[in-house]
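Read through the structure below, which is laid out as structure tokens, and then see the notes.
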Ligand SMILES: *Cc1c(COP(=O)(O)O)cnc(C)c1O
């Protein structure tokens with residue numbers, strides 16, 4: 001059996017999103033799909049763009065910038081969301097082309113982004129990443145420090161801080177982690193919740209996700 005095309009995959013994801021919204025009493029217009037395109041060639045993004053997809057998730061600043069430079073002239077309404085760990089020395093670049101950063105997770109990065117936004121006159125939408133499973137090797141602010149850190153980010157960036165992001169521990173039931181992230185966002189009056197990937201975006205929607213980040217289920221396995 002031949003694999004489905006990118007546009008067919010997108011259709012399937014949208015129908016699953018609608019179904020999950022129906023089941024959980026959510027408004028489907030409040031759940032946006034980020035097509036995670038890291039490592040995939042520009043031709044794959046163009047196929048998705050032609051099918052109507054506009055928001056793309058990328059992990060690496062350089063790769064994301066190249067794709068942005070190539071695609072934006074043709075698709076001015078494309079949105080590039082940076083979803084990978086961000087080094088402070090990439091803050092200027094990120095401010096120049098990214099529409100959103102999902103991985104604000106430490107005071108140093110806040111400082112770098114503040115400076116970068118003053119230098120470039122631009123600031124992407126910001127999401128605070130919380131290391132919701134207390135994992136040693138995962139980035140994100142720890143849940144213990146998250147309340148203070150969110151307030152710190154809000155004091156610097158005001159309502160450019162749109163919401164929160166998490167990646168639950170691999171191989172564990174994800175729902176409690178998604179629900180925990182949702183509690184943080186309520187407490188801080190944040191509207192957006194970036195959570196859920198190919199394997200668990202329907203659960204994330206049940207817990208209140210407003211952005212789901214789906215890669216493999218749209219583009220297939222990532223090239224190495
Ligand atoms: C790669 C990546 C995704 C997409 O994962 P899939 O399992 O391919 O859907 C989502 N979020 C982040 C932060 C990623 O790095």
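Within region 199-224, the set of residues being assigned to a loop (DSSP other than H, G, I, E, B) and either more than 8 Å from the ligand (Cβ to nearest atom) or touching a strand residue (DSSP E or B) at 6+ places or on another chain (Cβ under 7 Å) (or both) comprises 200, 207, 208, 209, 210, 215, 220, 221, 223, 224.
With a requirement of 3 or more residues that are more than 14 Å from the ligand (Cβ to nearest atom), within 23 Å of residue 96 (Cβ to Cβ) and in contact with a helix residue (DSSP H, G or I) (Cβ under 8 Å, 6 or more places away or on another chain), the helices (runs of 4 or more DSSP H) lying completely within region 1-79 that satisfy it span 42-50, 61-71.
The single condition from (1) within 14 Å of the ligand (Cβ to nearest atom); (2) in contact (Cβ under 8 Å) with a residue 12 or more places away in the chain that residue 137 fails is (2). Whenever a residue of region 202-224 is in contact (Cβ under 8 Å) with a residue 40 or more places away in the chain and under 16 Å from residue 48 (Cβ atoms), its partners that are part of a loop (DSSP other than H, G, I, E, B) and away from the ligand (no atom under 12 Å from the Cβ), lying with C-beta atoms within less than 7 angstrom and at least six residues away or across chains, give the pairs 212/31; 220/3. Within the span defined as region 99-113, one or more residues are in contact with a helix residue (DSSP H, G or I) (Cβ under 7 Å, 6 or more places away or on another chain) and closer than 27 Å to residue 220 by Cα. Determine whether residue 112 is at pLDDT 95 or above, farther than 26 Å from residue 169 by Cβ and surrounded by 15 or more Cβ atoms within 10 Å (Cβ to Cβ). Considered against the rule, which asks whether it is at pLDDT 95 or above, farther than 26 Å from residue 169 by Cβ and surrounded by 15 or more Cβ atoms within 10 Å (Cβ to Cβ), residue 112 comes out as yes. Among the residues of region 168-198, those identified as away from the ligand (no atom under 16 Å from the Cβ), closer than 19 Å to residue 83 by Cα and outside any loop (DSSP other than H, G, I, E, B) are 182, 185.
The values are calculated or read from the model by the stated rules, or taken from the named source; none is laboratory data. Note that the coordinates shown come from a computational prediction; the quantities given were computed from them, not determined experimentally. So basically every Cβ, Gly included, is an ideal-geometry build from the backbone, and we count neighbours across all protein chains shown.
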